[in-house]
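The values are calculated or read from the model by the stated rules, or taken from the named source; none is laboratory data. Quick caveat: nothing in here was measured; it's all calculated off a predicted structure. Neighbour counts are summed over all protein chains in view; Cβ atoms, including those assigned to glycine, are modelled from backbone coordinates with ideal geometry. What goes into the accessible areas is simple: the full protein's heavy atoms, side chains included, and nothing from ligands, DNA or RNA. Shrake-Rupley method; radii C 1.70, N 1.55, O 1.52, S 1.80 Å.
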Amino acid sequence: MGRRIAAKITGVAGYVPPRVVTNFDLEKMVDTNDQWIRTRTGIRERHYADAGVGSSHLGAEAARKLLAAKGVPSEQIDLIVVATVTPDMLFPATACLVQDRIGAKNAWGFDLSAACSGFAYALTVGAQFVGAGTHKKALVIGSDVMTSILDYQDRATCVLFGDGAGAVLVEPVTSDNEGILDFAHDVDGSGGCNLYMPAGGSLKPASLETVEKRMHYVHQEGAQVFKYAVRRMSELAVQILERNGFTSRDLALVVPHQANLRIIQAMQERLGLDDSKIIINIDRFGNTTAATIPLALMDALEQGRLHKGDLVLVITVGAGYTTGAILMRWAY
Ligand code: UT7
């Protein structure tokens, strides 16, 4: 049996900074080429934030777009959960900065760190408050400025990521046949060493040495993460479908984390899903970490690929390792 949450997504918005950086632009910055990036990752371009723009700015933009589209005054928001691994600063939380920027004066909030599974974690957490009946309108945001932690001397990581944010509004369900049917998350901390930022926390605070050793950037064992992601995304998808009495044939849409087109396609093949059931936008945005899922939901809506009553599966793997699967009946 699933773990139902009496909450549903009632709105989605995304925001990416305007500056587009293509693979050809990257060719001028690092020893790489468009063909390698396209064939190994599926990425063609990504968006970069300008200096002085933090995750709170992108998150607030996405939130503003969402509230404007829904016609919801910011004072009605009672909770803000922000998933990010690139907070503006270690504290205060990015959620506090977003709360102030959008004038959500009746909201409390906090940040949540689960890397590429961050948005899925934040959705589960935000939805629990709504499902419990204590909150009516939660803003769940995924926002990352990955370019702030990319090492342009490491071509195997710097070409993968982009900047962006997405936000969803979570409200109580009004019928039994909508909203979050089940969620599944797990952690395998033994994989922590395969994708991490070594310095800048309490263990290794910033020093001349940490800067010289380039320890404030993303470090990744790409092949290890790749294998883990393919295996766990597929396993988790099957597990959450089976325990709710579904098969992959029942799905209208899978919204996977966008880390690598080949990871998504391997999962797609294992689940036997045709292209119409997978949303892919890594070609335009790269890996935006906590923002990939809401940006993909935004695209799915804009492309008319999400309808009321659809069975939708969000599926993620991220640093930690962390995983996320959320099965829902789309509510609008
Ligand atoms: O979202 C969080 C999780 N992150 C991920 O899911 C990422 C998972 N990993 C991956 O997506 C892939 O492992 C990468 C895209 C990072 C790398 O792809 P790969 O097929 O595993 O490549 P590799 O690291 O094994 O490198 C293959 C070759 C190497 O050259 P040699 O040693 O075979 O001569 C690399 O030096 O490709 C070379 N290479 C590049 N060449 C041109 C690595 N990066 C680049 C580059 N441009 N940017």
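Here are some notes:
- Count of the stretch 39-66 residues, restricted to those that are away from the ligand (no atom under 16 Å from the Cβ) and either in contact with a Cys (Cβ under 7 Å, 6 or more places away or on another chain) or among the β-branched types (Val, Ile, Thr) (or both), is 1.
- Wholly enclosed helices (runs of 4 or more DSSP H) of the stretch 261-307 bearing at least 3 residues in contact with a strand residue (DSSP E or B) (Cβ under 7 Å, 6 or more places away or on another chain), within 16 Å of the ligand (Cβ to nearest atom) and open to solvent by less than 10 Å² (accessible area, probe 1.4 Å): 292-302
- Filtered by the rule that a residue be surrounded by 17 or more Cβ atoms within 10 Å (Cβ to Cβ), of a type in the set (Val, Ile, Thr) and within 14 Å of the ligand (Cβ to nearest atom), the stretch 1-27 gives a lone residue, Val21.
- Val211 vs. criteria over 16 Å from Ile263 (Cα atoms) and touching a strand residue (DSSP E or B) at 6+ places or on another chain (Cβ under 9 Å): no
Here is a yes/no grid of residues against (1) more than 16 Å from the ligand (Cβ to nearest atom); (2) more than 20 Å from Gly14 (Cα to Cα); (3) aliphatic (A, V, I, L, M):
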residue: Gly118; (1), (2), (3): no, no, no
residue: Ile141; (1), (2), (3): yes, no, yes
residue: Asp151; (1), (2), (3): no, yes, no
residue: Asp154; (1), (2), (3): no, yes, no
residue: Cys158; (1), (2), (3): no, yes, no
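- Every condition in (1) within 15 Å of the ligand (Cβ to nearest atom); (2) on the phi > 0 side of the Ramachandran plot; (3) surrounded by fewer than 18 Cβ atoms within 10 Å (Cβ to Cβ) holds for Arg214 except the one numbered (1).
- Residue count, the stretch 308-321 (criterion: part of a strand (DSSP E or B) and more than 16 Å from the ligand (Cβ to nearest atom)): 3
- Test: residue in the stretch 28-38 that is in contact (Cβ under 8 Å) with a residue 60 or more places away in the chain, away from the ligand (no atom under 16 Å from the Cβ), charged (D, E, K, R) and within 25 Å of Ile282 (Cβ to Cβ): no
- Residue within the stretch 119-135 that is open to solvent by 10 Å² or more (accessible area, probe 1.4 Å), outside any strand (DSSP E or B) and closer than 19 Å to Asn287 by Cα present: yes
- Of the set (1) in contact with a strand residue (DSSP E or B) (Cβ under 9 Å, 6 or more places away or on another chain); (2) closer than 22 Å to Ala115 by Cα, all apply to Arg243 but (2).
- Flag if Pro92 is out of contact with any helix residue (DSSP H, G or I) (no Cβ under 9 Å at 6 or more places or on another chain) and either among the charged types (D, E, K, R) or open to solvent by 50 Å² or more (accessible area, probe 1.4 Å) (or both): yes
- Residue match in the stretch 168-183 (condition: of a type outside the set (Lys, Arg) and within 16 Å of the ligand (Cβ to nearest atom)): no
- Some residue of the stretch 238-248 being buried (at least 16 other Cβ atoms within 10 Å of the Cβ) and in a loop (DSSP other than H, G, I, E, B): yes
- Residues that are open to solvent by 80 Å² or more (accessible area, probe 1.4 Å) and either among the charged types (D, E, K, R) or outside the structural domain of Asp151 (by TED's automatic domain parsing) (or both) within the stretch 39-61 comprise Arg40, Arg44, Asp50, listed in sequence order.
- Unique match (being among the charged types (D, E, K, R) and assigned to a loop (DSSP other than H, G, I, E, B)) among Asp176, Asp186: Asp176
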